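Visitor: Okay, handing you the structure first.
Any read-out appearing in this document is the output of simple, stated calculations on the displayed coordinates, not a laboratory observation. All values reported here derive from a predicted model rather than from experimental measurement. Cβ placement follows ideal geometry from the backbone for every residue including glycine, while neighbour counts extend to all protein chains displayed.
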């Protein structure tokens with residue numbers, strides 16, 4: 001069943017529910033990054049959001065909109081980690097239990113954090129088990145409400161609040177036209193930001209950014225129908241490896257987004273190092289992929305200014321150390 | 001000669017000059033940090049400020065207030081690195097030249113950045129040469145205006161704008177009383193924040209935080225007169241190693257600040273790792289010392305909430321990697 005569409009009013013309503021709790025992340029920049037990219041680079045560091053990624057926005061949007069009696073029975077979510085932490089924290093701050101279904105190969109830090117944020121964690125095998133099926137079964141057994149990571153209008157509306165902030169902050173910075181590069185898995189953040197910018201900053205064009213080998217959204221936008229990835233592992237960008245574009249985000253991205261950008265993993269490591277040195281923020285590989293495109297694939301971008309959403313920072317020490325080794 | 005005192009009106013005027021350019025850094029938090037400290041921890045991440053430290057505030061405040069004809073002749077500053085970068089960037093954005101006198105043992109990254117930001121760098125020997133004398137000579141020879149790092153009312157007023165933001169953000173967070181821990185070298189940031197909080201948030205009490213062996217401010221506050229450090233090197237907290245409290249900041253700190261806190265270097269490394277894992281920000285050792293006190297010396301702090309200013313993030317990869325090795 002195709003979920004109902006998302007409107008700008010849904011995003012503004014989510015923004016009101018989020019207002020008392022969300023962290024309004026600043027727009028960062030550095031003359032050193034401008035020099036690398038050959039144009040002005042503005043970075044929206046959602047790694048600074050609660051639980052270290054934008055996922056808190058969608059989770060809070062969905063959980064805060066539930067009927068209190070339904071919410072009290074508890075929440076369930078499945079996620080490679082960032083949605084998990086966002087849901088666990090949003091549920092805990094609402095005082096309700098949460099169960100998170102996670103792939104057993106998710107970074108240890110993400111699993112540990114999700115547990116420490118108060119959730120019960122159920123692990124599954126990413127190659128051989130279907131997370132949707134596991135989630136649906138647990139939800140039905142325990143009366144939990146399933147919060148899907150992107151095929152859920154309230155979640156897309158929540159992610160869209162990041163786009164409202166980008167629109168306002170770009171206007172403050174005097175930017176009327178720019179490519180907005182967004183790290184893209186299922187497309188919840190990408191489509192939400194695109195809807196917000198359509199309303200509030202129509203000169204800003206969203207471009208989904210994906211890892212080499214997991215470019216399902218890019219290929220789907222080219223072919224005009226939902227294309228799947230052949231594999232579910234093999235990129236360091238674990239946060240944005242998903243089987244295919246979500247059925248809710250896809251038509252929104254078709255209508256509003258420019259062509260996708262496909263980035264090799266090694267450029268994500270370099271972007272993590274650049275963000276460390278120049279912006280003083282910590283990014284995970286999937287959270288650095290839009291910045292990687294902005295800095296190291298400038299020929300794929302148009303205009304005097306590029307905006308890169310840095311979507312998350314939940315990275316283990318060994319992977320971050322590996323990224324720092326790419327520092328010139 | 002003792003400089004003229006600084007008033008809250010000077011800070012508000014600096015805030016107006018800074019408004020179009022300053023980054024209003026958010027107030028960060030994490031339930032994991034609250035658990036370590038045993039109380040609520042709020043972190044003001046000035047590492048996210050332009051040039052990676054709060055120093056941009058004071059530099060912009062001073063340079064923007066100069067007579068345009070005087071400013072056009074150029075600026076000079078002496079600094080272990082963060083003031084250098086702040087001055088170089090603020091001068092460049094005003095379109096005027098700058099000369100920075102830096103110790104030859106400053107981190108390579110800071111020296112390189114200062115040059116890349118457009119400044120001419122003059123190196124000196126921290127143990128055997130007097131930076132004030134070098135700065136004064138160059139200033140007189142070339143007609144440059146010297147911007148001192150803390151004994152300058154316009155600079156203290158600029159750093160005070162960080163305190164105006166803390167006052168507003170603490171009120172938004174519902175915090176009326178708290179210790180505000182501030183990384184302290186000469187006392188420019190500490191005294192500026194203290195003046196701002198006196199006016200806008202009188203329930204917040206500033207506490208200077210210093211490295212073991214370089215606790216000149218703590219000892220001066222105890223003795224009631226300016227005490228000097230026996231050495232000028234030997235801590236990893238290079239950004240806050242200064243000979244003695246500034247003559248301008250000291251009486252302000254005497255009037256407004258609580259007792260100093262003295263922190264061993266190894267706790268700064270642990271705080272850098274905690275800020276990496278929990279806040280997704282990059283701190284240098286001296287920039288992490290207030291957070292280190294908040295997290296690992298909780299017995300020195302009073303109240304349900306502690307606010308830690310994280311003053312800078314200009315750290316080399318080897319030092320940061322060393323900090324990450326302390327991750328449990």
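Visitor: For helix B:153-172, what angle does its Cα long axis make with the longest principal axis of chain B, in degrees from 0 to 90 and rounded to 10?
Guide: 30 degrees
Visitor: Okay, next question. I need the fraction of alpha carbon pairs in the range B:4-100 separated by more than 23 Å, rounded to a whole percent.
Guide: 37 percent
Visitor: Can you give me the C-alpha center-to-center distance between the range B:1-70 and the range B:122-168, rounded to a whole angstrom?
Guide: If you average the Cα positions of each part, the centres end up 16 Å apart.
Visitor: With only alpha-carbon pairs counted, each pair once and no self-pairs, how large is the Kirkwood hydrodynamic radius of chain B in angstroms?
Guide: One decimal place: 19.2 Å for the Kirkwood radius.
Visitor: Now, a different point. Can you compute the radius of gyration and Dmax for the protein assembly as shown, using only the Cα atoms, both in Å?
Guide: Radius of gyration, then largest Cα-Cα span, for the protein assembly as shown: 24.7, 82 Å.
Visitor: I'd like the mean, over residues of B:23-31, of how many other protein chain beta carbons sit within 10 Å of each residue's own Cβ.
Guide: Counting Cβ atoms of other protein chains within 10 Å of each residue's Cβ and averaging gives 4.
Visitor: Follow-up. Ordered by packing density, taken as the mean number of other Cβ atoms within 10 Å over each peptide's residues, highest first, how do B:300-306, B:270-276, B:20-26, A:242-248 rank?
Guide: Packing order, densest peptide first, comes out as B:270-276, A:242-248, B:300-306, B:20-26.
Visitor: Using helices alone, I'd like the mean residue ellipticity at 222 nm for the protein assembly as shown: each DSSP H run of four-plus residues gives -39500 (n - 2.57), total over residue count, nearest 500.
Guide: Only helices count here, giving -13000 deg cm²/dmol.
Visitor: Take the alpha carbon atoms of the range A:156-302, find their radius of gyration, then divide it by 2.2 N^0.38 Å using N residues; give the quotient.
Guide: Taking N as the residue count of the range A:156-302, the ratio is 0.98.
Visitor: Expressed as an acute angle from 0 to 90° and rounded to the nearest 10, what is the orientation of the C-alpha long axis of helix A:82-93 relative to the principal long axis of chain A?
Guide: Taking Cα atoms only, the helix is inclined about 60 degrees.
Visitor: Taking only the alpha carbons of the range A:56-146, what extent do you get along each of the three principal axes, in Å, biggest first?
Guide: That works out to 36, 26, 18 Å along the principal axes.
Visitor: Does a label point 7 Å from the Cα of residue A:316, set along Cα-to-beta-carbon, have any residues of the range A:211-236 with amide nitrogen under 19 Å, and which are they?
Guide: Inside the label zone: A:232-236.
Visitor: Another question, then. Need one number: nm distance between label points at residue B:7 and residue B:212, each 7 Å from Cα along Cα→Cβ, rounded to one decimal.
Guide: Using points 7 Å along Cα→Cβ, the separation is 4.5 nm.
Visitor: Starting from the 7 Å offset along Cα-to-Cβ, what nm value, one decimal, do you get for the label separation of residue B:232 and residue B:266?
Guide: Using points 7 Å along Cα→Cβ, the separation is 3.0 nm.
Visitor: Ok, one more. Hey, with R₀ at 60 Å, roughly what FRET efficiency would residue B:120 and residue A:142 work out to, going by the Cβ-Cβ distance, to 0.05?
Guide: Result of the calculation: an efficiency of 0.35.
Visitor: What's the center-to-center distance, using Cα atoms, between the range B:296-328 and the range B:225-257 in Å?
Guide: Using only Cα atoms to place each centre, the spacing works out to 20 Å.
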